[in-house]
Structures are given as C-alpha cells and as structure tokens.
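The values are calculated or read from the model by the stated rules, or taken from the named source; none is laboratory data. Because the structure is a prediction, the values reported are computed rather than measured. Glycine gets a Cβ as well: all are built from the backbone with ideal geometry, and neighbour counts include every protein chain shown.
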Amino acid sequence: MPLGGKPTLIDSFQPPIFSWATTLHPHAAGLEAQIKSGETPVFAEVTPQYRGMAPDHPSLEPFYAMAERLDVPVGIHMGYGAPGGPYWVYPKYRAALGNSLLLEELLTRHPKLRLYVMHAGMPLIDEMIALLFSHPQVYVDISADNWGVPRPEFNRHLRRLVEAGYSKRIMFGSDQMVWPQTIEVAVDSIANADFLSSDQKRDILYNNAARFLRLTPEQIARHHGR
C-alpha cells in the first residue's frame, strides 16, 4: 500500500512486498519495522519524478540511507510518465528528471545500495547505457515499456541494452495493478523477441531478478515447482 494510505487495488494483484515511497519522514519508524518483520522487502515504485524532484533530492536521503543500511532493494521510476502528464494528471512531472544519469551522485554516495531503474529510463537509452557502464551494481526493469510502448520502439531500446552487453542486468516487470491482462502482452514482448536467445529470455524473465533479489535456492526451487 502507499505509505500512510489505505490499501489500494494493487493489493489484489501482487504480494505485499512493495511500498510506494513519496515522503519518508513521517513514516520512517513504521517503515523500518515493516522491513525488519519481512513485510516490506523491496522499496518500489519510488516516484520523485512525478513530484518535480530529482531522484537524489535531499528529502529522500534518509530513505536511501535506510535502504543501504538494511540492504533493501530500491526501484526508482525513471523515464516515461503519462502522455501529456504535466497538463492533466501530474503537473510537476518533467521529462528531464527521467535522465538516469541524475542517479550518479546518489550511487556514489551509497555504493552498497541495491538499485534498479524502473522502465529502463526509456526513452533516454544512451544515458541508461552510460549509467550501466559506470555503475555495475545497477539493474533495470522493463515494466510498462513492454506493453505500453509501441513494440518496434520497445524492441529498439531492449535490443540496444542487450547489444551493449547488459542482458544479465535486465529484469522483467509488468507495473500492472489495474489491467492484469496486459501482463500477457508483457511476457509476449520477451518470449517472441527474435533478437534474444533462449538463455537471454530466461535471464530477463527470471534469472536476473532472482540474482538481484538474492532469492534462496529454496525459493527458486519453489518457483520452478521443484
């Protein structure tokens, strides 16, 4: 559920392992308790871009420090928002704040932070590749891009990431809480990508996330029905 809010439709479609972080300070003690109890093992989707804030805004520093200290993975929205969003739904959203290179100071300040860039920073793919090159701890996910972006455009960006050598750091995601039928479209975007090998498809759909999230052998076996 969103921090400080009531359960939302998201609870119907995914396990309660995510918190949507907007403003940390009023919730810090409760959030740390959720982490330690196992209720919240991942922070995502962190969305400063929608609030007109850079991803390393000073107000978020305690949040990132907590995530690094407690070894909690963090997923940050970078890239596309709602089409024409500043004019009808997200008045503070700015496309320029989706540049993944804005994460560099945060990453160097918190070198042990497990961070993944949601939506792979699309459409700013050159900046994303530069970040991945300089910061080998960073992963990306392709959520929403794999069903909300025209397939030729999505394929062009995904292929760039793979050909640049980062197929082991791309994770599948759906970013879907309202229209679960789009998950099939998202899976199809990988399963039918003719430029991906079978191993690369398996990595993107499962193996990379298992590594990033540090799933146990028991968890992996259970997921595979063993």
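Restrict the check to segment 36-44 and report whether at least one residue is of a type in the set (Gly, Ala, Ser), touching a residue at least 12 places away in the same chain (Cβ under 8 Å), surrounded by 14 or more Cβ atoms within 10 Å (Cβ to Cβ) and within 27 Å of Asn208 (Cβ to Cβ).
Looking through segment 36-44, at least one residue is of a type in the set (Gly, Ala, Ser), touching a residue at least 12 places away in the same chain (Cβ under 8 Å), surrounded by 14 or more Cβ atoms within 10 Å (Cβ to Cβ) and within 27 Å of Asn208 (Cβ to Cβ).
Which of the residues spanning segment 28-76 are assigned to a helix (DSSP H, G or I) and of a type in the set (S, T, N, Q)?
Within segment 28-76, Gln34, Ser37, Gln49, Ser59 meet the criteria.
If you go through segment 155-170, how many residues are of a type in the set (A, V, I, L, M, F, W, C) and more than 16 Å from the chain's Cα centre (by Cα)?
Number satisfying all stated conditions: 2.
Surrounded by 14 or more Cβ atoms within 10 Å (Cβ to Cβ), more than 24 Å from Ala33 (Cα to Cα) and without any contact (Cβ under 8 Å) to a residue 40 or more places away in the chain: which single residue out of Pro86, Pro150, Pro136 fits that description?
Pro86
Using beta carbons and a limit of 7 Å, which pairs, at least six apart or on different chains, have the first residue in segment 93-117 and modelled with pLDDT of 95 or more and the second one of a type in the set (Lys, Arg) and surrounded by fewer than 14 Cβ atoms within 10 Å (Cβ to Cβ)?
Qualifying pairs under 7 Å: none.
For residues in segment 45-60 being over 14 Å from Leu115 (Cβ atoms) and out of contact with any His (no Cβ under 9 Å at 6 or more places or on another chain), which is surrounded by the fewest Cβ atoms within 10 Å (Cβ to Cβ)?
In this case the residue turns out to be Pro58.
Counting only residues that are within 17 Å of Asn207 (Cβ to Cβ) and part of a loop (DSSP other than H, G, I, E, B), which one in segment 171-189 is nearest to the chain's Cα centre (by Cα)?
Across segment 171-189, the extreme among qualifying residues is Gly173.
Identify, by number, the condition in (1) within 20 Å of Ala82 (Cβ to Cβ); (2) at pLDDT 95 or above that Gln176 doesn't meet.
Single failed check for Gln176: (2).
Can you tell me which of Leu60, Leu24, Leu31, Leu70 is over 24 Å from Trp179 (Cα atoms) and modelled with pLDDT of 95 or more?
Leu70
Hey, among Val178, Val187, which residue is touching a residue at least 12 places away in the same chain (Cβ under 8 Å) and over 22 Å from Thr40 (Cα atoms)?
Just a single option satisfies the conditions, and that option is Val187.
Name the single residue that is farthest from Ala144 (Cα to Cα) among those in segment 77-104 being of a type in the set (A, V, I, L, M) and in a loop (DSSP other than H, G, I, E, B).
The residue in question is Val89.
Tell me, please, whether a residue that is within 15 Å of the chain's Cα centre (by Cα), in a loop (DSSP other than H, G, I, E, B) and surrounded by fewer than 18 Cβ atoms within 10 Å (Cβ to Cβ) can be found in segment 105-114.
No, every residue in segment 105-114 fails to be within 15 Å of the chain's Cα centre (by Cα), in a loop (DSSP other than H, G, I, E, B) and surrounded by fewer than 18 Cβ atoms within 10 Å (Cβ to Cβ).
Looking at segment 158-181, which of its residues are within 16 Å of Ala144 (Cβ to Cβ) and surrounded by fewer than 21 Cβ atoms within 10 Å (Cβ to Cβ)?
Phe172, Gln176, Met177, Val178, Trp179, Pro180, Gln181
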